[in-house]
Amino acid sequence: MSFMPKRAMVLAAGLGLRMRPITLETPKPLISVGGRTLLDHALDRLEAAGVEEAVINAHWLGDKIAAHLDANPRRKLKLTLSREAAQLETGGGVKHALSLLGDEPFFVVNADIVWLDGPVPALKRLAAAWNPDRMDSLLLVTPTATAIGYDGRGDYQMDPDGRLSTRPDMEVSPFVMAGVSIMSAAQFADTPTGAFSNLLIWRRAEAAGRLYGVRHEGNWYHVGTPAAVPQVDAHLAAPASREVVP
């Protein structure tokens, strides 16, 4: 593998409205499942893959995220906090931090998911599949049917070559966007000032035939509601959680 992003953006600034009342006092990234906070699960994966720096955005209860990072220093992974005075959503948050992320492609990781790797770590599989000549964004996707803690209709269909297309209305798609991607700074040119979603960028890439995906090979967990916390916690504690789903 010749390419591995040096930097990553961890999205940790959301209000966590669906997770209330927990998130009235605790920012969602600091909720613990499997004995680790969601934020630390993401940082563990990035550090293990060889990423050098993680930029973490913070808005809602941002002082608690800052305090958590200060209390849990990491030796190999440099951590930088990107404060947001107003909620900027996913795309606006990344755009706000571009000066910290640099010009090379970078990982973007949501702080409300947990994944277990298959035989090859998911981040290394994404890096190995990245091809800037063919793609603008590369998303990790996981099968809708086996996504634990997820109750939606899926997000994408995927061609044999990995090209993604958005789920048609009122249908069910086989793949869910798994909250991990590789993106580049160039995609944020000509995007709105302020709040906007990464979906805007991915739809532009899809329209140009340059949105691709890699299927995740391990278990994947979405921690989006209070009910999902004990469900995911119990699953991670079970011996079966170490097995790769088919």
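The values are calculated or read from the model by the stated rules, or taken from the named source; none is laboratory data. Note that the structure is predicted; figures quoted are calculated from it, not measured. A quick note on method: Cβ atoms are made from the backbone with ideal geometry, for glycine too, and the neighbour counts reach across all protein chains shown.
Would you mind stating whether GLN231 is polar (S, T, N, Q), touching a residue at least 60 places away in the same chain (Cβ under 8 Å) and either farther than 26 Å from LEU17 by Cβ or in a helix (DSSP H, G or I) (or both)? Criteria met by GLN231.
Residues in region 23-41 that are more than 13 Å from ASP233 (Cβ to Cβ), at pLDDT below 95 and among the hydrophobic types (A, V, I, L, M, F, W, C): LEU24 alone. Residues in region 126-166 that are closer than 28 Å to LEU236 by Cβ and basic (Lys, Arg): ARG153 only.
State all residues of region 33-57 that are of a type outside the set (Lys, Arg), under 16 Å from the mean Cα position of the chain (by Cα) and crowded, with 21+ Cβ neighbours inside 10 Å; if no residue qualifies, say none. Once the filter is applied, which keeps residues that are of a type outside the set (Lys, Arg), under 16 Å from the mean Cα position of the chain (by Cα) and crowded, with 21+ Cβ neighbours inside 10 Å, region 33-57 yields THR37, LEU38, LEU39, HIS41, ALA42, LEU43, LEU46, VAL51, ALA54, VAL55, ILE56, ASN57. The selection criterion, being buried (at least 19 other Cβ atoms within 10 Å of the Cβ) and under 23 Å from GLY194 (Cα atoms), does not hold for PRO5. Just a yes or no: is a residue in region 103-116 over 20 Å from VAL10 (Cα atoms) and among the acidic types (Asp, Glu)? No, region 103-116 contains no residue that is over 20 Å from VAL10 (Cα atoms) and among the acidic types (Asp, Glu).
Annotation note: Cβ proximity below 7 Å between a residue of region 11-28 that is within 15 Å of THR90 (Cβ to Cβ) and in contact (Cβ under 8 Å) with a residue 40 or more places away in the chain and a residue that is crowded, with 21+ Cβ neighbours inside 10 Å and of a type in the set (Lys, Arg) (sequence gap 6+ or interchain) occurs for GLY14/LYS28; GLY16/LYS28.
Taking helices (runs of 4 or more DSSP H) as the structural unit, those lying wholly within region 53-167 and holding at least 1 residues that are farther than 30 Å from GLY194 by Cβ and touching a helix residue (DSSP H, G or I) at 6+ places or on another chain (Cβ under 9 Å) correspond to 122-129. Checking LEU100 against (1) over 19 Å from ALA42 (Cβ atoms); (2) surrounded by fewer than 23 Cβ atoms within 10 Å (Cβ to Cβ), which single condition isn't satisfied? It is condition (1) that LEU100 fails. Scanning region 84-96 for residues that are modelled with pLDDT of 95 or more, farther than 14 Å from GLN187 by Cβ and hydrophobic (A, V, I, L, M, F, W, C) turns up just one, LEU88.
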